[in-house]
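This report concerns only the one structure given below.
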Amino acid sequence: MPETQRVPIKLKVNGKLSELEVEPRMLLVEMIREALDLTGTHVGCDTSFCGACTVLLNGLPVKSCTVFAVQADQGEVLTVEGLACQDELHPIQQAFVIQHGLQCGYCTPGMEISAYYLLSKNPSPSEKDIRKAIAGNTCRCTGYQNILRAIETAAEMMRR
Amino acid sequence: MQSDSMADRFIGKSIPRKEGRAKVTGRALYVDDMVMPGMLYGATVRSPVARGRIRGIRYAQGIPWDEFTIVTAQDIPGKNCVALMLNDQPCLADQVVNHAEEPVVLLAHPDRYLLEEARRAVELDIEPLPAVFTIDESLARQQVVWGEDNIFKSFLVESGDVESAWGHAHLIVEGEYETGAQEQLYIEPQGMIATFTAEQGLTVWGSMQCPYYVHRALMTLLDLPVNQVRVIQTETGGGFGGKEEYPSMIAGHAALLARKSGKPVKIVYDRMEDMAATTKRHPSRTRHRTAVTREGKLLAMDIEFVVDGGAYATLSPVVLSRGTIHAAGPYFCPNVRIRSQAVATNFPPHGAFRGFGAPQSIFALERQMDQVAKVLGLAPEELRRRNFVKQGETLAVGQVVREKVDMAGLMERALELSDYYAKRKRFAEENPRREVKKGIGLASFLHGAGFTGSGERYLASLVGAEATPEGRVRVLAASTEMGQGTMTVFSQIAAEALGVDYDMIEIVQPDTAVVPNSGPTVASRTCMVVGKLVESAVLGIRQQLLSSGLLPERYTSEQFRQACRQFIENHGALKSSSEYSAPPGVYWDDDKYRGDAYGAYAWAVYVAEVSVDLTTYEIRVDDFVAVQEVGRVINPVLATGQIEGGVAQGIGFALYENVVWQEGQMVNSQMTNYIMPTSADLPPIRVFFEEVPYAHGPGGAKGIGELPIDGPAPAIVNAIENAGGVNVNRIPVTPEVLMEALEGVHA
């Protein structure tokens, strides 16, 4: 099949302006990983179930494996690489390390983005709130317990 | 020797993970994050039918085939097999196919979109042959689909005399139990990248548990000498056994395409391909016939255990062996017979998955124990209490339990922590008035650490250690980090043994050009077996420093560092290695299939509390208590994480994870229709350890990784019976299965 015509798009990723030409069929996650080389966003299932590809698009969490890059035109994207400030880890990242909120780490970036969104809306979530907020991010290693603790710890750190 | 105050500075401490920072920032590199100049993408054309004769391969029009690298079985320079145990599985099917999704043709192209179109444009002309899809069909041998009799392996365990015991029994109880296939479902799909040049040979990077399995498979497939094959593990996003043997297949495919194209080739499976084509937990059927005395003592256990191995042997013989040895559980019984078989069918080969046969046979036994208790009119915990094996007694395979064991104590603690007695009473009172019934159940079990039988002796694992010119100590082992914390635990063991700072230890990323063969990362062996070798290898470094007079008997980390530097200046290098030898008195007789099956066992009692909705047939686990004795706990936070994750997978195995087959093909090969537990589905998982140091483990540790998946399914199904009064003997207990059991109708 011949390559389809490319479309120019302009968006901010982690606060940085990018201008690219992408094929209309290109997925947002492909643009993030391949065009921008931000490989912290992972692909786990291709069907918007596992949540390893979760990013914020215009402030809302999306599964970037089922969004086209062109849909992000003129928008703002936040990926895991945008959480830390220089070498200073974001409290969510610190809390995941402290509480052993990860094992293999593959789901972690998506998990952190979902936690970031939750804590931006609800600074003092209950365990039930957290379970619901990350129900779209699957982890096969941990049984979620330490992820819950990590997000609780992050909430505490961010309230300080 | 280091001062006493230094004792246990690192063992038993929850040291944070070494690789935590790279993973939380997204900087950790998994195989799909790697790109090489000129790299092609590879794809696999697979059989749509379960069994048949390949008549031809057609390449449909409309695809620029001359741009593609195409590989079939004819392009294999060495032996067409995935070298493992019996070497019966081809890397690419030739003339016949024996299961759906069997690889037949490989394609590579720089454009992934075009590659996918091309994959769909390859037409396999296959004449279907009758296929076998059940254990009974396989045993009936109307179609022989493997070897001469469809049997990959069989075992017989006999102690005492079962046949003469029946006549003395107060009661005899029979039961039949089934478990389904289960997908490992690591969140990172499988993938490999291969490069090949005439001068440098073959190099493969990828997601894997066992670099040396891949190494041997590639040497065999490509007919290359040892030094022309290099295998490097990339960050691995979970394995659970799923990345034990199958990575050898993908590495072989990427290697064949790289060799033919002369370019780097990446093959990364999407979720659908990963779930449909790679291995799963062996489905099983177990029949029990149990004789008990009037006093509730086990008199005889007659167990028939059969696992479905799928189309090729892969690891079925050893999965069967572990399942067989665990089939009689943590009980003493004077007369035991276990007859077991791994049979061939035309499903994609089943393979390694955490627990490795034990979750299947333990599910059956622990359900049977509840049935026996019910018939005897005893409480489930009381029957178990009367039959737990004690120190000095013998397990079914003739292994004398030499270590201290206190199953009754573990059980009391688990019952107390779960408030078992009070809840059992309360649920019995309240259930008649409730639409959603409540129940509580338990399972008691053991899990052997390390390879089964003579496995570790044959493997003869090797671990190296070396000092760096900066005075740090590097540990060289092929054991992979895939989330469980290998690097951290090895660092703790090494730092503790040397009495130096934790940061002075480096663990080398597994790369067959650099690390020795310390065996596969499987069988709960990494901490106990390989960890012990790490301990002795680094102690070898210290011994050389002490002998050279460069290191005083008592030293600080700085003195140790200085001594290393000086030694290297004087002698050029400071290296040490350690090879496995069995602990004294541990012996297994392969011919008689008797003896010390494992160096050590972990022991556990798990309690599950459930709600069973009799309107919707939905089952929820409300609380879960896991009490275990795993020797000394090296890193409590990591160990707890292992248990929690294993329990979560066990809950999936019990209730949700149902592989739906049609004509030998998995038809729900997506995460949207194969249901694994999310955060919203799981209860609090409460984990407790009893610590009894094991004399031959590093710092007193035993194995831990697989244990937690053995207990949840029987504990949960026992709780379901307690709640609904219904005897369910197959898992997963989906709402359909529960409805069928409750109403006696077929869903």
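Bear in mind these aren't lab numbers, they're just calculated from the coordinates by the rules spelled out. Note that the coordinates shown come from a computational prediction; the quantities given were computed from them, not determined experimentally. Because the Cβ atoms are built from the backbone with ideal geometry, glycine has one as well, and the counts that use them run over all protein chains shown.
Taking 28 Å as the limit for the C-alpha separation, the pairs A:LYS121/B:LYS438; A:LYS128/B:LYS23; B:LYS79/B:LYS592; A:LYS63/A:LYS132; B:LYS13/B:LYS702 exceed it in the case of A:LYS121/B:LYS438; B:LYS79/B:LYS592. Residues B:HIS326, B:HIS696, A:HIS100, ranked from the fewest to the most other C-beta atoms within 10 Å, line up as B:HIS696, A:HIS100, B:HIS326.
Taken about its Cα centre, the stretch B:293-397 carries a charge dipole of about 180 debye when Lys and Arg each add +1 at the Cβ and Asp and Glu each add -1 at the Cβ. The stretch B:99-118 and the stretch B:179-228 have Cα centres lying 18 Å from one another. Treating each Cα of the stretch B:425-480 as one equal point scatterer and applying the Debye formula with no solvent, the log10 of I(q)/I(0) at q = 0.17, 0.29 Å⁻¹ comes out as -0.79, -1.13. Taking Cα centre as origin and charging only the Cβ of basic (Lys, Arg, +1) and acidic (Asp, Glu, -1) residues, the dipole magnitude of the stretch A:91-159 rounds to 160 debye. Taking each pair of distinct Cα atoms in chain B once, what is the resulting Kirkwood hydrodynamic radius in Å? The Cα-based Kirkwood calculation yields 27.0 Å. Using a cutoff of 8 angstrom between alpha carbon atoms and counting only pairs six or more residues apart, the relative contact order for chain B works out to 16 percent. If you bin all the Cα-Cα distances of the stretch B:52-108 at 5 Å, starting from zero, the percentages per bin are 4, 16, 24, 24, 17, 9, 4, 2, 0.
Could you please report the charge total around B:GLY645, scoring K, R as +1 and D, E as -1 over all other residues with beta-carbon less than 13 angstrom from its beta-carbon? Summing Lys and Arg as +1 and Asp and Glu as -1 gives 0.
Provide the net charge surrounding B:GLU706, with neighbours chosen by a C-beta distance below 11 Å and charges set as Lys +1, Arg +1, Asp -1, Glu -1. Net local charge, B:GLU706 excluded: +2. Rg and Dmax, both from the Cα atoms of chain A and both in Å, are 15.9, 56. Evaluated with a Cβ-only charge set (Lys, Arg +1; Asp, Glu -1), the protein assembly as shown carries a dipole of roughly 1080 debye about its Cα centre, given to the nearest 20.
The chymotrypsin sites (Phe, Trp or Tyr not before Pro) of the stretch B:393-463 include none that meets both conditions, a loop assignment by DSSP and at most 16 other Cβ atoms within 10 Å of the site Cβ.
For the protein assembly as shown, what is the convex hull (Cα atoms) projected area averaged across all directions, in square nanometres? Its average projected convex-hull area is 38.6 nm².
Scaling against 2.2 N^0.38 Å puts the C-alpha radius of gyration of the stretch A:91-159 at 0.94. Remark on the stretch B:620-747: hydrodynamic radius 16.4 angstrom, per the Kirkwood mean of 1/r across alpha carbon pairs. With Cα atoms as the point set, the stretch B:1-87 shows a radius of gyration and Dmax of 25.3, 77 Å. With unit charges on the beta carbons (Lys and Arg positive, Asp and Glu negative) and the dipole taken about the Cα centre of the stretch A:7-82, which residue among A:ASN58, A:VAL70, A:MET26 sits farthest to the positive side? Going by the Cα projections, it comes out as A:ASN58. Listed from fewest to most Cβ neighbours within 10 Å, the set B:ASP308, B:ASP88, A:ASP129 follows the order A:ASP129, B:ASP88, B:ASP308. From largest to smallest, the equivalent ellipsoid semi-axes obtained for the stretch B:207-279 from the alpha-carbon gyration tensor read 20, 15, 11 Å.
Near B:ARG632, once Lys and Arg are set to +1 and Asp and Glu to -1 for all other residues with Cβ below 15 Å from its Cβ, the sum equals -2. When the charge dipole of the stretch A:91-159 is built from unit charges on Cβ atoms (+1 for Lys and Arg, -1 for Asp and Glu) and taken about the Cα centre, the candidate among A:VAL97, A:ILE147, A:MET157 whose Cα reaches farthest toward its positive end is A:ILE147. Ratio of Rg to Rh for the stretch A:7-82: 0.91 [Cα atoms; Kirkwood radius as inverse mean 1/r over pairs]. Below 23 Å, Cα to Cα, which lysines can B:LYS575 reach? Residues fewer than 8 away in the same chain don't count. Partners found: B:LYS532. Identify all lysines with a Cα-Cα distance to B:LYS280 below 22 Å; exclude those on the same chain that are fewer than 8 residues away in sequence. Output for B:LYS280: B:LYS153, B:LYS243.
Distance between Cα centroids, the stretch B:523-559 to the stretch B:312-351: provide it in whole Å. Their Cα centres are 39 Å away from one another. Helical runs assigned H by DSSP (4 residues or longer) give the protein assembly as shown a calculated mean residue ellipticity at 222 nm of -8500 deg cm²/dmol, each run adding -39500 (n - 2.57) before division by the residue total. Excluding same-chain neighbours fewer than eight residues apart, the aspartates and glutamates reachable from B:LYS437 by a Cα-Cα span under 13 Å are B:GLU429, B:GLU609, B:ASP613, B:GLU618, B:ASP622, B:GLU721. Legend: Rg and Dmax of the stretch A:38-104, from Cα coordinates, 13.2, 38 Å. Computed over all pairs of different Cα atoms, the Kirkwood value for the hydrodynamic radius of the stretch B:476-552 is 13.0 Å.
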